[in-house]
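Before any comments, here is the structure.
The values are calculated or read from the model by the stated rules, or taken from the named source; none is laboratory data. Bear in mind the structure is a predicted one, so any value in this text is a computation, not a measurement. Methodologically, a virtual Cβ is constructed for each residue, glycine included, from the backbone with ideal geometry; neighbour enumeration extends over all protein chains shown. Please note that ligands, DNA and RNA were not included when accessible areas were found on the heavy atoms of the full protein model with its side chains. Shrake-Rupley method; radii C 1.70, N 1.55, O 1.52, S 1.80 Å.
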Amino acid sequence: GYAQALRDGVVEPGPESERVLATIGREAERMANLIAQLLDLSRLESGQWRFDPRPVDAAALVERAMERFRPAAQVKGVVLAACAAAGIVIAGDEGRLLQVASNLLDNALRHTPAGGLVSLAVEPAGDRVRLTVYDTGVGIPADRLPSI
């Protein structure tokens, strides 16, 4: 719709057209991500997906995930906090790890009211690494916890 408005001259060049172009860009990126996720799901279901773990710097991963949500958090009035000790390396697929952290942050941000806090932490847990997302939202109703 935005692209058609620009093409038809409904939106005049200027600040409004910049906003429209930014919206088109964000929506195109969102659609590309959805398509990539559907392709991944198809590969996973068909047994064609391969896991090739590589070293991933946990602190850099956390920073990338937080960077995605800072603008939305600021608009909503939610504080974002991150904690990841330097030197923690995760063997995994960086894109998938970023996707998991982003999904958790997105959910936490959606359910946290203005003035709240969302934090993401990565810490060693024995021979593993624990990623924890904490928020000051309403929480999950007790009757839904068994299905999570």
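Mind checking the per residue accessible area of the chain for me, 1.4 Å probe, whole number of Å²? Each step should come with its number before you reach the end.
Details: 10320 Å² over 148 residues.
Heavy-atom SASA per residue in the chain reads 70 Å².
Mean-square fluctuation check for the chain, GNM, Cα pairs under 10 Å: which of Ser17, Ser102, Ser42 is largest?
Ser17
With the dipole of the chain worked out from charges on the C-beta (+1 for Lys and Arg, -1 for Asp and Glu) around the Cα centre, which of Ile35, Pro124, Trp49 lies farthest toward the positive end?
Pro124
Which of the listed residues, Gly25, Ser147, Ala91, is farthest toward the dipole's positive end in the stretch 23-148, when Lys, Arg count +1 and Asp, Glu count -1 at the beta-carbon?
Of the candidates, Gly25 comes out farthest on the positive side.
Would you mind working out the magnitude of the charge dipole of the chain relative to its Cα centre, with +1 at each Lys and Arg C-beta and -1 at each Asp and Glu C-beta, to the nearest 20 Debye? Could the numbers behind the result be given before it?
Values: 16 positive and 19 negative charges, 40 e Å.
Value, rounded to 20: 200 debye.
Are there any chymotrypsin sites (Phe, Trp or Tyr not before Pro) in the stretch 1-63 that are in a DSSP loop and have at most 11 other Cβ atoms within 10 Å? List them by number. If you can, show how the numbers build up before the last one.
Numbers: sites: Tyr2, Trp49, Phe51; in loops: Trp49, Phe51.
Listed in order of number, the matching sites are Phe51.
Springs between alpha-carbon atoms under 10 Å, Gaussian network over the chain: tell me which of Ala72, Ala114, Ala22 tops the mean-square fluctuations.
Per the Cα network of the chain with a 10 Å cutoff, Ala22 tops the list.
For the stretch 1-99, which trypsin sites (Lys or Arg not before Pro) pass both filters: DSSP loop (anything but H, G, I, E, B) and at most 13 other C-beta atoms within 10 Å?
On the way: sites: Arg7, Arg19, Arg26, Arg30, Arg43, Arg50, Arg64, Arg68, Lys76, Arg96; in loops: Arg50.
The qualifying sites are Arg50.
First check a/c for the chain, with a ≥ b ≥ c the square roots of the eigenvalues of its C-alpha gyration tensor; if it is under 1.5, answer rounded, and if not, answer prolate when a/b is larger than b/c or oblate otherwise.
Working: a/c = 1.91, a/b = 1.43, b/c = 1.33.
Prolate shape, in that a/c is at least 1.5 and a/b is the bigger ratio.
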